[in-house]
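Note sheet for the following structure.
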Amino acid sequence: MRIIVADDDPTSREMLAFLLEDLGHEVLAAADGAEAWEAFQAAPTRVVLTDWAMPVVDGLELTRRIRTAATPHYVHVLMVTTHADEGHVVEGFGHGVDDYVTKPYGALELRARIGTIERMVALEDQLQAANAAKDRLLGVVAHDLANPLFAILGSAELILHTSRDLRAEDRAGLEVIVRSARRMGNLSRDLVDVAAVARGKVALERSSCALDAIVRDAAHTLSYTAAAKRTTIEADVPEATAWCDPDRVQSVLENLLSNAIKYSPSGSTIRVELADAGGEQVVSVIDQGPGLTAEDRERMFGTFERLSARPTGRERSTGLGLAIVQRLVTAHGGRVWVEPEPEAGSRFRFTLPSGPPSA
């Protein structure tokens, strides 16, 4: 396992490196937090041992940067320090420190704490492998369900549109089949998307796109669903260009608009806004629904998460829409978040780069 050791005291740094290498680990020794941060950015590690008091970037700031970085694995931060009083310990935990080793320490104590981290890393790897297998299975099942579902949907729609002598009860039954098949088809598509994004298998076909046109297309697509609830979608947006995959961005917008329609009261208005933020475009979807609780905001982008608010028209919710939104936006190098509206409702925002990355 590769471990970064950050300590401005050469003797302490060399001792830590010696003990860790003796346990069979690869050690990258840094003379301060800034050097450790550069090493971490170059190749993120699973474990960082850091002193508290260091010049330029101290142990707390290093920990804060690690916690805000996008990493493929959880990073275990062990603070090796003389600051072991309750106040410092609580402050460290608040910044994301996982555990402490107090100087002077014994070799046996350090080995024991590293052994605990090794077991945790092994369990994390097992969980990640199991989760990846689950995602692959979901993708396969959802993909295999799609073909028969579309066959059912197409056949039912064909009978509805071509048969002129259907009895009322037969027509009603076919309409139920069509609605159910569409709902299952949408769920199947969402599962395929979630599984693909989770495995990093989403191929983005990016180009310079008219983002305003994508916004208007998404609003038009959902306008019929909105009209059924006497809800209006306003998408009077200025011209804007983004570096994106238009189909994926339209999926993001349709998911956000669908959610807004689902949770907004009948007769309300949903607005879509566009703003140029210098190097990136910010898209906002604003609804007049019940808003989100603090707990909702913490878990709203999780897979299969259902929030406290309930659809106003008894619509069904799979708990996948916002998870797909976050993963697709992140794949574009953007961010997505929500802000409460002053009176009622929510403002979902996401960003997209205005142009391709600089060479």
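The values are calculated or read from the model by the stated rules, or taken from the named source; none is laboratory data. None of these values were measured; they are calculated from a predicted model. Backbone-built Cβ (ideal geometry, glycine too); neighbour counts: all protein chains shown. Surface areas here come from the heavy atoms of the whole protein model, side chains and all, with no ligands, DNA or RNA. Shrake-Rupley method; radii C 1.70, N 1.55, O 1.52, S 1.80 Å.
Under 37 °C and 0.692 mPa s, how fast does region 65-144 diffuse according to Stokes-Einstein, given a Kirkwood radius computed over C-alpha pairs? Answer in µm²/s, whole number. It comes out at roughly 214 µm²/s. Both radii are taken from the alpha-carbon atoms of region 87-225; with Rh as the Kirkwood radius, Rg/Rh is 1.28. With only Cα atoms counted, region 3-97 has Rg and Dmax values of 12.4, 34 Å.
Using DSSP to define loop residues, name the trypsin sites (Lys or Arg not before Pro) in region 84-187 whose beta-carbon has at most 11 other beta-carbon atoms within 10 Å. Those satisfying the criteria are 164, 167.
State the Kirkwood hydrodynamic radius of region 26-173 in Å, one decimal place, computed from all pairs of distinct Cα atoms.
Value: 19.7 Å, from the Cα pair sum.
A convex hull fitted around the alpha carbon atoms of the chain yields 180 Å³ per residue. Using the rule -39500 (n - 2.57) for each DSSP H run of four or more residues, divided by the residues of the chain, the 222 nm mean residue ellipticity is -17000 deg cm²/dmol.
How big is Rg to Rh over region 172-284, alpha-carbon atoms, Rh as the Kirkwood inverse-mean-distance radius?
1.01
When you filter the GluC sites (Glu not before Pro) in region 202-254 for DSSP loop state and at most 12 other Cβ atoms inside 10 Å of their Cβ, you are left with 205, 239.
Listed by chain and number, the aspartates and glutamates whose C-alpha is less than 19 Å from the C-alpha of residue 103, apart from same-chain residues fewer than 8 away, are 7, 8, 9, 14, 32, 51, 58, 85, 86, 91. Hydrophobic, long helices, defined as DSSP H runs whose alpha-carbon span along the helix axis is 20 Å or greater and whose mean Kyte-Doolittle value is at least -0.5, occur in the chain at 107-162, 168-198, 211-227, 246-263. Under conditions of 20 °C and 1.002 mPa s, region 211-252 yields 194 µm² s⁻¹ as its translational diffusion coefficient, taking Rh as the Kirkwood radius over Cα pairs in the Stokes-Einstein equation. Rolling a 1.4 angstrom probe over the protein heavy atoms with all chains in place gives the chain an accessible area of 53 Å² per residue.
Placing a pseudo-label 7 Å from each Cα along the Cα-to-Cβ vector at residue 152 and residue 109 gives an inter-label distance of 6.3 nm.
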